1. Of everything in the range 206-224, what is closer than 19 Å to A23 by Cα and not in a helix (DSSP H, G or I)? Give them in sequence order.
2. Filter the range 385-410 down to residues that are open to solvent by less than 10 Å² (accessible area, probe 1.4 Å), in contact with a Ser or Thr (Cβ under 6 Å, 6 or more places away or on another chain) and of a type in the set (S, T, Y) and give me whichever is modelled with the highest pLDDT.
3. Is the range 487-496 home to any residue that is open to solvent by less than 60 Å² (accessible area, probe 1.4 Å), part of a loop (DSSP other than H, G, I, E, B), at positive phi and touching a residue at least 24 places away in the same chain (Cβ under 8 Å)?
4. Taking G235, is it over 21 Å from the mean Cα position of the chain (by Cα), open to solvent by less than 10 Å² (accessible area, probe 1.4 Å), closer than 30 Å to A73 by Cβ and modelled with pLDDT under 90?
5. Just to be sure, is I175 outside any helix (DSSP H, G or I), touching a Lys or Arg at 6+ places or on another chain (Cβ under 6 Å) and either open to solvent by 20 Å² or more (accessible area, probe 1.4 Å) or of a type in the set (A, V, I, L, M) (or both)?
6. Which condition from (1) under 18 Å from E385 (Cα atoms); (2) without any contact (Cβ under 8 Å) to a residue 24 or more places away in the chain is the one that E262 breaks?
7. Hey, can you tell me all the residues within the range 178-196 that are within 18 Å of the chain's Cα centre (by Cα) and assigned to a helix (DSSP H, G or I)?
8. Please enumerate the residues belonging to the range 351-361 that are in contact (Cβ under 8 Å) with a residue 12 or more places away in the chain and not small (G, A, S).
Amino acid sequence: MNRHNQSRQAEGETAQTGSTVFALDIGTRSVVGILGTVTDDSFSVFDYEQRFHKKRAMRDGQIEDINLVAKTAAEIKEALGERNGMALERVSIAAAGRSLKTLRKVFEQDINEDEKITPELVRSLEFSAISAALDEFSPDGSIQDTYSCVGYDVVSYTLDGYPLSTPLGHRGRHIVIEIIAAFLPFSVIRSLYSVTALCGLTVDSLTLEPIAAINAVVPPDVRLLNIAITDIGAGTSDIGISKNGSIVAYDMVTIAGDEVTECLMKNYLVDFETAESIKFQLSEEGGFAEFTDIMGISRSCPKADVIETIDPVLDDLCGAVAESIVKINGGPPTALFLVGGGSQAPGLCRKIAGRLSIPQDRVTLGGKRPYRNIALHTEKLLTPEYVTPLGIGATSRLTHVHDLFSVTVNGEKIILPSGDNMKVLDALLLAGIKAGNLMGRTQASVTYYINNEKTTARGIPPVPGEIYVNKERAALDTAVRQGDEIIVLFAQHGKPPQLAISEVCKTFKGVLSISVNDKKVKKSYQVRSGDRIMVSFDSESDVSGAADSLFEGVYPTAAPMPAPEPVPEPEVPEPVPEPEVPEPVPEPEAAGPIRVCVNNEWKSVTANDGDSPLFLDMLNYVDIDTKKARGDLTLELNGNPASYTDPVHDGDRVDILWSL
């Protein structure tokens with residue numbers, strides 16, 4: 001709880017702007033700026049700055065006075081930039097967990113066992129799991145208009161029933177992925193972006209504060225243990241849980257340091273700033289807290305009395321934190337690290353240990369010892385209040401996002417909280433398009449036995465979906481920019497094989513009897529996996545003319561059977577090859593161009609590849625630049641709302657206009 005506006009720069013250190021990371025921890029009470037360089041193994045800090053808001057500008061981690069917060073952040077930017085001789089243009093930030101929604105979700109899928117698992121498949125599985133998580137707490141999709149996925153962690157992979165740390169390069173039939181995803185309202189994210197924009201900064205990475213704190217204090221190899229971390233700031237107490245090598249849960253409670261400050265204001269009749277000063281004095285030397293109340297009376301109170309005054313609030317704080325940890329962890333953790341300025345309140349570790357019913361030495365302050373992957377130029381940063389800003393800088397190499405911008409997905413406008421590193425995948429996620437619409441499902445093959453000989457038949461394979469960005473073919477990992485137009489043509493699922501018993505056995509000659517699983521069946525009977533078909537036949541005769549009589553409910557005609565003709569020496573049948581995937585049969589060419597009224601002008605439209613033109617094709621007949629938005633793009637077909645994949649016919653009326 002040391003209160004200061006200090007900074008240090010390592011002697012002889014030269015800041016390399018190409019590799020320098022500028023991290024900002026925008027807190028309820030203060031803003032901390034960190035400068036450092038990132039390598040593959042560590043984050044090396046060479047300067048920092050802390051400034052306090054001039055007045056109360058945030059509550060519960062949410063920005064209320066954007067201009068005031070931006071002014072504080074700008075002062076830090078200018079001080080660090082001037083001191084190090086560099087122009088700071090990009091910044092890494094973190095969001096507090098106010099209104100945080102988290103969900104664990106399991107997603108599973110059959111895969112092709114003949115192909116290795118690729119990064120693209122893994123990313124698609126993660127996308128599917130996040131889509132399923134959105135559907136879980138918002139079945140009607142309404143939450144997708146106001147919430148954004150701000151982070152997720154893979155909890156586990158399972159391939160054919162066996163757990164794996166990574167499935168890349170493996171082969172198998174069935175894969176299961178479990179993720180934990182975190183969602184925040186767009187309003188929370190937009191306020192952070194508004195602050196950075198006013199400071200002339202572009203957001204380079206965005207993460208959650210508990211994720212940043214865990215990355216700083218709990219390295220990946222330690223996450224095998226059930227460890228909890230709580231970042232107690234001024235407005236919120238953010239919680240993260242690790243277990244079995246992964247981050248498995250997040251949560252937030254809105255009771256934190258400000259509740260202690262407000263308690264002091266009420267009991268000692270002081271303003272907010274004075275109450276903050278009293279709180280900071282509790283961790284300093286001396287037995288008395290010195291202050292002046294709003295009546296102008298100078299007072300000197302024993303610190304023991306002040307601690308007794310705030311003790312009920314600390315009890316409430318510890319109770320709320322302990323209750324949240326037990327709820328999301330399923331019980332007390334093995335150990336708990338407390339970080340953040342509010343974590344240094346007297347007796348807090350002891351109180352929380354008691355609430356969790358774990359030994360007191362299993363609850364400690366984080367950030368007081370040297371970090372494993374973070375190098376510091378000064379020991380002044382070895383305090384709990386700097387854990388989160390250091391974690392933001394260290395986490396910057398893991399996630400990258402940029403300013404908010406908009407794209408359209410099948411005509412729907414989508415707001416994305418990022419820039420250069422945003423992909424089609426991210427836009428589809430926010431548009432609520434599920435992975436199953438893109439990948440297509442392969443139906444199970446049918447394996448059966450004819451006279452104990454195994455045969456496998458495969459159905460019609462799926463046709464994968466197609467993605468277009470600005471009318472050009474694209475993929476899930478194609479980068480998107482402001483104003484991009486994304487069109488998704490959904491996949492066609494595969495079809496299972498249709499195997500009538502009459503078709504399966506038609507190649508046999510001289511059939512005497514046919515049974516399936518020791519029973520006579522109708523000739524329309526569809527063969528199923530595992531069926532055992534027994535066919536007996538006379539190689540010396542051909543009774544195919546009476547083949548219908550071999551099935552249930554069908555009887556031969558009364559006509560006498562002709563005398564059998566001599567049968568040549570039977571040939572050994574060649575093995576039937578696996579059915580090949582049929583080449584798509586092209587549709588017949590259209591008779592000619594059609595006439596379409598496009599924005600009140602009749603156009604002669606030529607069909608593409610012999611098929612009816614789509615509404616998408618009509619963009620070629622209008623003078624509209626969809627990359628330079630001038631409002632919302634209105635799409636109508638014959639006076640009704642249209643989508644890009646609607647077919648257009650002769651005589652149709654098409655309207656494509658900007659609506660202001």
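The values are calculated or read from the model by the stated rules, or taken from the named source; none is laboratory data. The structure displayed is predicted, hence computed values, not measured ones. Here the Cβ positions follow ideal geometry from the backbone for every residue, glycine too, while neighbour counts run over all protein chains shown. Ligands, DNA and RNA are excluded from the accessible area calculation, which covers all protein heavy atoms including side chains. Shrake-Rupley method; radii C 1.70, N 1.55, O 1.52, S 1.80 Å.
1. L206, T207, L208
2. Taking the candidates together, the pick is T395.
3. No, the range 487-496 contains no residue that is open to solvent by less than 60 Å² (accessible area, probe 1.4 Å), part of a loop (DSSP other than H, G, I, E, B), at positive phi and touching a residue at least 24 places away in the same chain (Cβ under 8 Å).
4. Considered against the rule, which asks whether it is over 21 Å from the mean Cα position of the chain (by Cα), open to solvent by less than 10 Å² (accessible area, probe 1.4 Å), closer than 30 Å to A73 by Cβ and modelled with pLDDT under 90, G235 comes out as yes.
5. no
6. Evaluating E262 over (1) under 18 Å from E385 (Cα atoms); (2) without any contact (Cβ under 8 Å) to a residue 24 or more places away in the chain leaves (1) as the failure.
7. The answer is F186, V188, I189.
8. K351, I352, R355, L356, I358
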